[in-house]
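Engineer: Here it is, the structure in full.
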Amino acid sequence: MTKSSQLLRKVRDGDGENYSRPNMNPDLDQSFSFRAKTSNNVFNLVLTASTFFVVPLMVYVGAVYIPIEIPPLHGVTGRLVFALRCQGVAIIPFALGILYLLIGRMRGKEPQDLDNTEHYVRHSLEQYIMLLVNTIVMATYIPEDYIKMIPVFIGIWVIGRFVYWVSYTLRPMYRGFALGIGMLPNLGMMAYNLFAMFDSGFTHNVSLFE
């Protein structure tokens, strides 16, 4: 911004028309702008940090109160089949994003109108690859009594993806909250998998059937 433009203030007259007049106090405007940006940054930081409380609460509610019937699983094969079947739910956000793009292009929407959804689809694919690997590895290590955590983590990830889609479309600057909801389950599973691999070994319980 040039110095001359900084000395002009945009105002609106009684008829709703915009015009410029000399800005008698540009330093005051900069001060208000700085305070507004700082306030938004603090709110965004607090909102993003709240995921460290929200996600564990969602995990607790899902593990304790949501009835998920786990069938008898026989060996690693049964665990892997169960984990792969749960991916049918995990693929929903990604599939709906692609469907939205397809319908939008068929209806002749402008490319810029679909930019947010294209970003969401690409980002969901990146997150899904991590989710898929984490759930498959976790299924081979986690005790059978706790294998219910796999659909719980996937469900939280799906919720996080939809919240991310909405927040990125409406308020992109606040998408960190939704990103945290999707990332923390992935990070939690990855941390457990690494701990299990180094604690139990890479060859722990590799038999296909018990």
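Nothing in this text is a laboratory measurement; each read-out follows from the coordinates by a stated rule. Source: prediction; values computed, not measured. Methodologically, a virtual Cβ is constructed for each residue, glycine included, from the backbone with ideal geometry; neighbour enumeration extends over all protein chains shown.
Engineer: Stretch residue 115-residue 57 to full length: gain in nm at 0.36 nm per residue minus the Cα-Cα span? Each step should come with its number before you reach the end.
Structural biologist: On the way: separation 58, 0.36 × 58 = 20.88 nm, distance 3.29 nm.
That works out to 17.6 nm of additional length.
Engineer: Follow-up. How much FRET efficiency would the formula 1/(1 + (r/R0)^6) give for residue 200 and residue 50, where r is the Cβ-Cβ distance and R0 is 30 Å, rounded to 0.05?
Structural biologist: 0.30
Engineer: Order these peptides, 80-93, 127-140, by their mean beta-carbon neighbour count within 10 angstrom, highest first.
Structural biologist: With the highest mean Cβ count within 10 Å placed first, the list reads 127-140, 80-93.
Engineer: Follow-up. What number comes out for the charge environment of residue 99, summing +1 per Lys or Arg and -1 per Asp or Glu over other residues with Cβ under 15 Å away?
Structural biologist: That works out to +3.
Engineer: Can you work out the Karplus-derived ³J(HN,Hα) for every residue in segment 127-138? Use 6.51 cos²θ - 1.76 cosθ + 1.60 with θ = phi - 60°, whole Hz, and x for glycine or proline.
Structural biologist: So the J values, rounded to whole Hz, are 5, 5, 4, 5, 5, 4, 5, 5, 5, 5, 5, 4.
Engineer: Right, next: Using only Cα atoms, locate the centre of segment 134-164 and the centre of segment 168-187, then give the distance between them in Å, rounded to an integer.
Structural biologist: When both Cα centres are located, 18 Å separates them.
Engineer: Let me ask something else. Once phi is turned into θ = phi - 60°, what whole-Hz ³J(HN,Hα) does the Karplus curve with 6.51, -1.76 and 1.60 give for every residue of segment 93-109, x standing for Gly and Pro?
Structural biologist: Along segment 93-109, the couplings run x, 5, 5, 5, x, 5, 4, 4, 5, 5, 5, x, 6, 5, 7, x, 5 Hz.
Engineer: Hull surface divided by four, with the convex hull built on the Cα atoms of segment 121-186: how many nm²?
Structural biologist: Over every viewing direction, the Cα hull of segment 121-186 projects on average to 4.2 nm².
Engineer: Shifting gears a bit: To the nearest 20 debye, what charge dipole does segment 73-210 have about its Cα centre, counting +1 at the Cβ of each Lys and Arg and -1 at the Cβ of each Asp and Glu?
Structural biologist: About 400 debye.
Engineer: If Lys and Arg each add +1 and Asp and Glu each add -1, what is the summed charge of the other residues whose beta carbon sits under 14 Å from the beta carbon of residue 142?
Structural biologist: After counting each charged neighbour, the total is -1.
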